[in-house]
Amino acid sequence: MKILFIGSRLYDDIDYYVRQKGIDSILTESNEEAINLDLPDQVFIVPRGMDGPKQIAVTQNVDAIVPLIGIDPPLIQVAQMKEELEKDYGIPVIAANVRAVELTSNKINTKKFYADIGVATPEYQILNSPDDLTLGFPVVLKQGEGQGGKDIKIAHNLEDVNDYFEEYSYALCEKFIEGSEISIEVLGYNGEYVALSPIYKGETTLEGTHPLNKVKLGPSLIDGLDNNLIQHVAYDVARNLDSDGIFEMDFMYSHKEDQLYAIEVNTRPNGTRYLTSATCGINSLCELINMACGDFSLKNIFDKLEYYYSTEIPIGNYHGPEVNEPKKSFDNNDFVVHGPEGYQRITIRAKSKKELENLINELI
Ligand SMILES: Nc1ncnc2c1ncn2[C@@H]1O[C@H](COP(=O)(O)OP(=O)(O)O)[C@@H](O)[C@H]1O
Ligand SMILES: [Mg+2]
């Protein structure tokens with residue numbers, strides 16, 4: 001089995017798994033200074049874009065392509081490549097298709113999609129000027145594209161909205177939801193979908209603190225909110241996207257209204273994966289490889305499912321005990337450290353809440 005991976009930044013997460021499965025690995029990367037270039041069997045430095053990877057996939061006769069791209073902008077090119085290579089060469093590309101990327105990479109398209117399939121999302125309007133505003137404060141102002149809280153502002157009054165329009169020519173304006181943030185990863189391949197454990201990412205704040213900077217818990221255990229409901233809605237969204245790979249979805253739960261709202265979908269590897277993997281034993285990046293090898297099935301997922309309590313804590317720089325090999329996996333670890341220096345996070349798991357508390361105290 002020969003797989004072409006695109007992008008080296010996440011490759012150290014799966015290197016052990018590629019070796020374990022005896023896969024011949026080829027990797028393309030556009031930055032010759034990038035990390036992890038020493039890990040795959042073969043590396044090709046190519047210009048940005050998908051022309052290089054496409055050419056290498058064909059000339060090297062690979063069996064499948066697994067893009068490891070954790071940012072939004074290239075996803076549409078990857079999707080176009082998927083359609084071309086699958087149709088013309090029969091090489092599967094384990095990624096979202098064009099329709100799914102178009103619906104999810106723009107938050108305005110996503111809102112319309114939710115409405116079409118009957119999934120609740122916070123009330124919103126598109127503002128072309130501050131005068132268009134009819135929703136009551138506070139509201140959340142966003143751009144169609146962006147991740148990690150980029151270009152997002154919580155407006156408490158008209159002055160805030162005016163300030164936002166100093167910088168932007170329009171806004172997706174959403175009702176501010178007071179409540180809990182939840183993420184969930186759904187895996188999909190060949191029309192089969194499975195929703196993994198819902199993850200709790202903290203309460204929304206009027207300052208708009210992004211979940212990246214909060215302590216998170218898996219599984220989500222929110223009073224009054226059934227995890228089956230979250231999984232069911234997530235499954236429904238993924239089924240309607242009708243595509244392959246990873247779907248990470250953000251939801252909010254308003255305690256006051258007892259309502260679950262869908263916020264956004266990311267069709268790519270994402271930061272929730274460590275907590276998902278800690279909590280239920282399924283590593284979404286490894287499953288992309290299983291999809292490529294024909295080893296992904298609901299039965300295989302259900303056979304592997306585990307149940308742990310886990311947490312993820314931003315720690316800056318880790319100074320605790322050594323992590324076992326493979327370092328980015330829970331196979332031989334009950335904690336994993338990840339993220340760039342200065343912004344590291346630790347994900348810890350245990351069989352009970354009490355054990356988890358003890359472990360947290362030991363490690364940080
Ligand atoms: N309607 C909302 N109500 C309350 N907080 C929100 C709302 N929309 C976004 N936020 C806050 O902003 C963060 C980022 O918003 P999101 O739409 O997920 O964009 P991004 O792609 O940048 O993650 C959310 O995780 C949440 O903390
Ligand atoms: Mg988000």
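The values are calculated or read from the model by the stated rules, or taken from the named source; none is laboratory data. Please read these numbers as outputs of a predicted model, since none were measured by experiment. Note that each Cβ is placed from the backbone with ideal geometry, even for glycine, and that neighbours are counted across all protein chains shown. Remember, those area values only see protein heavy atoms, side chains included, never the ligands or the DNA or RNA. Shrake-Rupley method; radii C 1.70, N 1.55, O 1.52, S 1.80 Å.
Name the strands (runs of 3 or more DSSP E) wholly within the range 90-163 that hold at least 1 residues that are surrounded by fewer than 14 Cβ atoms within 10 Å (Cβ to Cβ)?
124-127
Under 6 Å between Cβ atoms, which residue pairs at least 6 apart in sequence (or on different chains) link something in the range 164-191 that is within 30 Å of Asn283 (Cβ to Cβ) with a partner that is basic (Lys, Arg)?
Glu181/Lys201; Ser183/Lys201
If I ask for residues that are closer than 22 Å to Glu145 by Cα and either charged (D, E, K, R) or surrounded by fewer than 24 Cβ atoms within 10 Å (Cβ to Cβ) (or both), which ones from the range 244-264 would you list?
Asp244, Glu248, Asp250, Met252, Tyr261, Ala262, Ile263, Glu264
Considering each residue of the range 218-241, count those that are part of a helix (DSSP H, G or I) and open to solvent by less than 10 Å² (accessible area, probe 1.4 Å), and give that number.
5
Being more than 15 Å from the chain's Cα centre (by Cα) and near ligand 1 (Cβ under 8 Å from one of its atoms) is the filter here, so list the residues in the range 140-149 that pass it.
The answer is Val140, Lys142.
So which pairs qualify, if the first residue must be in the range 195-220 and farther than 23 Å from Ile246 by Cα, the second must be part of a loop (DSSP other than H, G, I, E, B) and among the hydrophobic types (A, V, I, L, M, F, W, C), the Cβ gap must be under 7 Å, and the two must be at least 6 apart or on different chains?
If the second residue must be part of a loop (DSSP other than H, G, I, E, B) and among the hydrophobic types (A, V, I, L, M, F, W, C), the pairs left are Thr204/Ile177; Gly208/Ile152.
Has the range 109-118 got any residue that is touching a residue at least 24 places away in the same chain (Cβ under 8 Å), of a type in the set (A, V, I, L, M) and under 30 Å from Ala292 (Cα atoms)?
Yes: one or more hits.
Of Ile184, Ile199, Ile152, which residue is more than 30 Å from Ile360 (Cα to Cα), under 20 Å from the mean Cα position of the chain (by Cα) and within 13 Å of ligand 2 (Cβ to nearest atom)?
Just a single option satisfies the conditions, and that option is Ile152.
Looking only at the range 255-263, decide whether some residue is away from ligand 1 (no atom under 15 Å from the Cβ), part of a loop (DSSP other than H, G, I, E, B) and out of contact with any Ser or Thr (no Cβ under 9 Å at 6 or more places or on another chain).
Yes, the range 255-263 has at least one match.
Among the listed residues Asp236, Asp226, Asp244, which satisfies the condition of being free of Cβ contacts under 8 Å to residues at least 60 places away in the same chain, away from ligand 2 (no atom under 16 Å from the Cβ) and either in contact with an Asp or Glu (Cβ under 8 Å, 6 or more places away or on another chain) or not hydrophobic (A, V, I, L, M, F, W, C) (or both)?
Asp226
With Ser197, Ser169 as the choices, which residue is loosely packed, with under 15 Cβ neighbours inside 10 Å and more than 16 Å from ligand 1 (Cβ to nearest atom)?
Going through Ser197, Ser169 in turn, the sole match is Ser169.
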